[in-house]
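Right, one structure below, let's go through it.
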Amino acid sequence: MVHSQSIFFFLFTFFIASHAAPPAVESCPMDLSYVETFPWDTSTCRDPIDSEHCCQSLLSLFGIGLAKHLKETSIFQLPSENISTACLQDFKLKLSSLKIQPSLVPSCFQNSTQFVTNTSSCAGISNITDWKQKVGMLSPLDTSCNGDLSSETSCNICTEAGFKVTAQLRTVAPKNSTKCFYYSVLYAIGIVNQFGPTDPVTAGCILGMALSSKGSSNNRKILKLVFGLLGAVVGVILAFVLIVMYRKWNKMRRENLYHRSVENSVRDSVLPNTGAKWFHISELEKATNKFSQKNMIGQGGDGVVYKGTLSDGTLVAVKEIFDLETRGDEEFCYEVEIISKIKHRNLLALRGCCVTSHSVKGKRRFLVYDYMPNGSLSYQLSINGANKLTWPQRKNIILDVAKGLAYLHYEIKPPIFHRDIKATNILLDSKMKAKVADFGLAKQGNEGQSHLTTRVAGTYGYLAPEYALYGQLTEKSDVYSFGIVILEVMSGRKVLDTMNSPVVLITDWAWTLAKTGKVDEIFDEAVKDEGPEKIMERFVLVGILCAHAMVALRPTIAEALKMLEGDIDIPNLPDRPVPLGHESFQSSLLQGSGRTTPYTSFYSTSNISTISRN
């Protein structure tokens, strides 16, 4: 299922935590006996262990127990840390009976406090009564996830309902949208679905649970028995079946002709001579092993990305576009046209695309890019990533992004504004060369116009204030986002950080240190002693200047590049208005930005809310 891996990812993030836990003093209220009988795929947890997919399976398996507990008690999580620890100990014992190493549990379940009820987790929701008050008596989950989810269509409808409920909750809990998504998953499988969390088909859809081949083998035996019985029917029934099959074939033939005409119309709407190859769906299925979950390398609100190998051995990234009913083919074609116009070493070029339409699976749209083996800049800077970027690498990445933006703003006429420059949309090739990716929100300007006025689109924290508040898009909107990226690279901090200091936005934090003469405290400890201090200071100051709240005081990307390369001097930092992290500014920003939608990214999912893509 195309959506199931998203649930893998969010459950994985949900259960992240510390290795040590206090000894259990209470018994676990969860019945974990299903662990020994549920037909899950244990192969990834046996030698040789595939740690990533094993952890995903274990986390989904534990999620079944949480869903059962929710069904029995109406409480989304466990009442205390001691009880949570006791449940993890029971879980280890059950895995031991399957000859699976108990030591895998602490490496995948690193903080038992994440399982404990916390009223601040998601809009104050801790039980079903709270849920009904926030979501309503009848939510999209109640109407979309209550039946048989064995078909891809019904499973996709259920998963989409989860996104809708999460988007609804984001209006009251913008900082805990990920937690709200987990609650949606547990509610769907534990409360709504009539078959319950221990049903393999239901767990396979909602929890993205990998099932054993043995279970599939039993299903095949049942199918053979059914077809064997049907094969025994002779005479009139056989003739009737043949007639029905002929009519069905004729209907499918007509539908295929219609869908082929739809595909051709999409292709015709894309400008000719774009240089993009039109792939057949069978080529992409072969390249990605039929879009196997093991080939999935990223999940976002606008699509899912698979690693693939073409017939000539070329590694590619295949992105399937979501939300086609809302976005339509015009937006897909516009994105293809935009990407096809760019030819620069620091911009991720489009290798090809695919459009297909099916009577059962519906229409599907794909973009194919070169595979970037070192993932995103966000991953490299994260705790789970390599986190070993050297000063020369960081310097070159910043310069690469600046050169890519300069190409978009000055070497293409009319200019292209990316609108979503952020660490997750900057990808790194085998030589750690940066390439700006994901042009799904890009807009092409008009000759002679100082700015465009559009619906706000992008990621909170990276949005320029004048754009977030008034929808005024200029080349300096991308410059603001670029400044945020510079500060992230130089400091190792996230754009929004509520853990390490009372100052939430990275711009406010960096500004405060710079104005008090403490620029060196902005440097990431990992590279603090690697590079020349004056050059590193210059990069930080350019980042602060690019991310200035007032558009007139920001440099152009061309000026910023010259400052970074030392060709021109950096002006004194001008004063700033009310800090961007100030409560009044954040309130007005959220009111002016329209609705929010979750999880926009390219190769990985960001934990920062994303403003409307319209």
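The values are calculated or read from the model by the stated rules, or taken from the named source; none is laboratory data. Please read these numbers as outputs of a predicted model, since none were measured by experiment. Please note: Cβ atoms are built from the backbone with ideal geometry, for glycine as well, and neighbour counts cover all protein chains shown.
Annotations
- Criterion violated by THR119 - all others in (1) surrounded by fewer than 19 Cβ atoms within 10 Å (Cβ to Cβ); (2) touching a residue at least 12 places away in the same chain (Cβ under 8 Å) satisfied: (2)
- Residues of the stretch 289-325 satisfying the condition of being over 17 Å from the mean Cα position of the chain (by Cα) and buried (at least 22 other Cβ atoms within 10 Å of the Cβ): GLY308
- The residue pairs whose first member lies in the stretch 561-576 and is surrounded by 11 or more Cβ atoms within 10 Å (Cβ to Cβ), whose second member is of a type in the set (Gly, Ala, Ser), and whose beta carbons are closer than 8 Å, counting only pairs six or more residues apart or on different chains, are LEU561/ALA402; LEU561/ALA406; LEU564/ALA402; LEU573/ALA514; ARG576/ALA549.
- Residue selection: ALA203 fails the criterion of being under 19 Å from the mean Cα position of the chain (by Cα), more than 20 Å from VAL116 (Cα to Cα) and in a helix (DSSP H, G or I).
- A search for C-beta distances below 8 Å between a residue of the stretch 533-555 that is more than 24 Å from ALA468 (Cα to Cα) and any residue that is surrounded by fewer than 22 Cβ atoms within 10 Å (Cβ to Cβ) and of a type in the set (Lys, Arg), counting only pairs 6+ apart in sequence or on different chains, returns ILE535/LYS395; PHE539/LYS395.
One line per residue, one yes/no per condition, for (1) within 23 Å of ARG394 (Cα to Cα); (2) at pLDDT below 80; (3) not in a loop (DSSP other than H, G, I, E, B):
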position: ASP524; (1), (2), (3): yes, no, no
position: GLU530; (1), (2), (3): yes, no, no
position: MET536; (1), (2), (3): yes, no, yes
position: VAL540; (1), (2), (3): yes, no, yes
position: GLU559; (1), (2), (3): yes, no, yes
position: ILE568; (1), (2), (3): yes, no, no
position: LEU589; (1), (2), (3): no, yes, yes
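- Within the stretch 176-226, the residues that satisfy the criterion of being charged (D, E, K, R) and at pLDDT below 65 are LYS214, ARG220, LYS221, LYS224.
- Test: residue in the stretch 263-281 that is in a loop (DSSP other than H, G, I, E, B) and modelled with pLDDT of 80 or more: yes
- Residues located in the stretch 416-442, provided they are more than 16 Å from TYR379 (Cβ to Cβ), surrounded by 19 or more Cβ atoms within 10 Å (Cβ to Cβ) and not aliphatic (A, V, I, L, M): PHE417, HIS418, ARG419, ASP420, PHE439, GLY440
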